[in-house]
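Input: a single structure, listed below in structure tokens.
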Ligand code: CP
């Protein structure tokens, strides 16, 4: 059975194939008739054990654009609340003849665990602070769209690296494609030994921004913190927030990315988020084409 559990399990050629396939679907979803009949005989379950806006809606839209049958499951309204286990939940759903499962879960490794215990194709839509592979794919795809290619570009990931599945998946994806990767944030929010992944570590935001072509600004994930890793939000913003004055004072015009949701006024101000240097909504738009590509490529291996 084929899965997308993390970027860690992909190679450069896999990413190139996903991007070529996404190019085709991007063209399709800009047509007046946005649907293709490719997955008419496939049923997909979207299982969300954690909140989501972008990932949940764009997976559902991608599946519908491919003409798959779709069922949605939200843990908060389900029998998980009565104590049903993850494997029982998924096996019950699969017994209804479901072919593919998209899952977001708060526990790191939940998708890998599921792939070892159930007979279906699994797509990881974010597992705790571990990986968020489709986010990293849409991020690289958006860099490629804005700057022509990912190879050789200087990309800094700014903020709460420690709790971020977006950071880890982006590091794997960017390195595979030959980008130079830096992480920047407070020392307490940068994992020890992250340099072993071949990334540069910088704690001075101005230096990081002057080095980069692209800055991917992360949200501080207060919901994943057991203790406070930084004195205050105000202090975080003073040292690691990007505002228009800082952006305009840099040596060159850089591209600003954000996976969403944004804490406006914390990691970036509104005049940065809404400026033409930001590609935040392009990232969201590309998410549909990337997810169509991933689902299509996996489904092509399970279809009769
Ligand atoms: N980027 C992202 O994963 O956003 P959601 O949590 O809204 O899906």
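Observations on the model:
- On Cα atoms only, tilt of 54-65 relative to the major axis of the chain in degrees: 40
- Length gained when the stretch residue 35-residue 222 is fully extended (0.36 nm per residue, less Cα-Cα span): 63.5 nm
- Segment residue 238-residue 11, extension gain: residue separation times 0.36 nm, minus the distance between their alpha carbons: 77.9 nm
- Inter-part distance where the range 1-45 and the range 72-124 are each reduced to a Cα centre, Å: 21
- Cα-based values for the chain, radius of gyration first and Dmax second, are 19.2, 59 Å.
- Where only DSSP H runs of four or more residues are counted, the chain gives -12000 deg cm²/dmol as its mean residue ellipticity at 222 nm, each run worth -39500 (n - 2.57).
- Principal-axis analysis of the Cα atoms of the chain puts helix 165-176 at an angle of about 80° to the longest axis.
- Contour minus Cα-Cα distance for residue 27 and residue 96 (0.36 nm per residue): 21.5 nm
- Peptides 293-299, 27-33, ordered by how many other C-beta atoms sit within 10 Å of their residues on average, highest first, read 293-299, 27-33.
- For the chain, relative contact order (Cα pairs under 8 Å, six or more residues apart, normalised by length) works out to 21 percent.
- C-alpha center-to-center spacing [the range 176-201, the range 232-285] in angstrom: 20
- Rounded tilt (10° steps) of 280-302 against the dominant C-alpha axis of the chain: 30
- Taking 26, 97 and counting other C-beta atoms within 10 Å, the order from fewest to most: 97, 26
- A convex hull fitted to the Cα coordinates of the range 133-283 yields 100 cubic angstrom per residue.
All of the numbers you see were taken from the coordinates with simple rules; none came from a lab. What you are looking at is a predicted structure, and each value in this text was computed from that prediction instead of being measured. Cβ sites come from the backbone with ideal geometry, for glycine too, and all protein chains shown count toward neighbours.
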